[in-house]
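Okay, structure first, notes after.
Any read-out appearing in this document is the output of simple, stated calculations on the displayed coordinates, not a laboratory observation. What you are looking at is a predicted structure, and each value in this text was computed from that prediction instead of being measured. As a convention, Cβ positions derive from the backbone with ideal geometry for all residues, glycine included, and neighbour counts pool all protein chains shown.
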Amino acid sequence: MNVISTKLKGCLILEPKVFFDQRGYFFESFNEKTFEEHTGIKVHFVQDNQSFSSRGVIRGLHYQTGEFAQAKLVQVLQGEVLDVAVDIRPESETYGQYVAVLLSSENKRQIFIPRGFAHGFLVLSETALFSYKCDNFYNKESEGGIAYDDPTVGIDWNFPKENLIVSEKDQNNPILANARKVW
């Protein structure tokens, strides 16, 4: 596994070692021991989620607060997305900054998003099957959200705004300054 640090401390891009042959390919998408050896981060995932979306769908920016904060390991199983993590840790030097990474079934990259980050993605392909592992259980009362188009965060989705498909709930997310604190 190749680990690439981002400008946001703890937010990592992971490139698994992929074995190709005439049958196709094989790779280990997660191994707790290997992950800890390569990243120095001890994590235990307790919940896996999947979503299926069409081109132009934005999901996010979501997070869990307090004792229900979640670290996530995300990847695309089919298709292509622009994946975004926003640092919302109040004490962080990079508070309010984001990292955006192209994830696809072709490049097989993953992103580890630590607790204290908001997360979202935009589907770039016709459809996308998205998978994420979480180190804490979902709790509805602990939901948080930030507007995908918050001008203070300034995410460049690089996609025509008139073609975006955003849920009503996500359209009503506040800007970061007015959002629930992560802790």
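Annotations
- Formal net charge of residues neighbouring residue 71 (Cβ-Cβ distance under 11 Å; K, R +1; D, E -1): +3
- Rg/Rg_ref, the chain, where Rg_ref = 2.2 N^0.38 Å and atoms are Cα: 1.00
- For region 43-63, backbone nitrogen atoms closer than 15 Å to the point 7 Å from residue 92 Cα along Cα-to-C-beta are found at 61-63.
- Region 136-141 - phi-based ³J(HN,Hα) in whole Hz, Karplus 6.51/-1.76/1.60, Gly and Pro as x: 8, 6, 5, 9, 4, 5
- By the beta-carbon count within 10 Å of each Cβ, the least crowded to most crowded order of 149, 156, 83, fewest first, is 156, 149, 83.
- Formal net charge of residues neighbouring residue 125 (Cβ-Cβ distance under 15 Å; K, R +1; D, E -1): 0
- Positive-end extreme of charge dipole, region 44-178 - chosen from 118, 129, 95 (charges on Cβ): 129
- Long-range HN-HN contacts of residue 117 with modeled amide H, under 5 Å: 88
- Using θ = phi - 60° in the Karplus curve 6.51 cos²θ - 1.76 cosθ + 1.60, the 3J(HN,Hα) couplings for region 71-76 round to 8, 9, 10, 10, 7, 9 Hz; x is entered for Gly and Pro.
- As computed over region 17-104, the Cα convex hull volume per residue (Å³): 152
- Around the Cα centre of the chain, unit charges on the Cβ atoms of Lys, Arg, Asp and Glu (plus for the first two, minus for the last two) sum to a dipole of about 160 debye.
- In the chain, taking the dipole from charged Cβ atoms about the Cα centre, the farthest positive-side position among 151, 12, 30 is held by 30.
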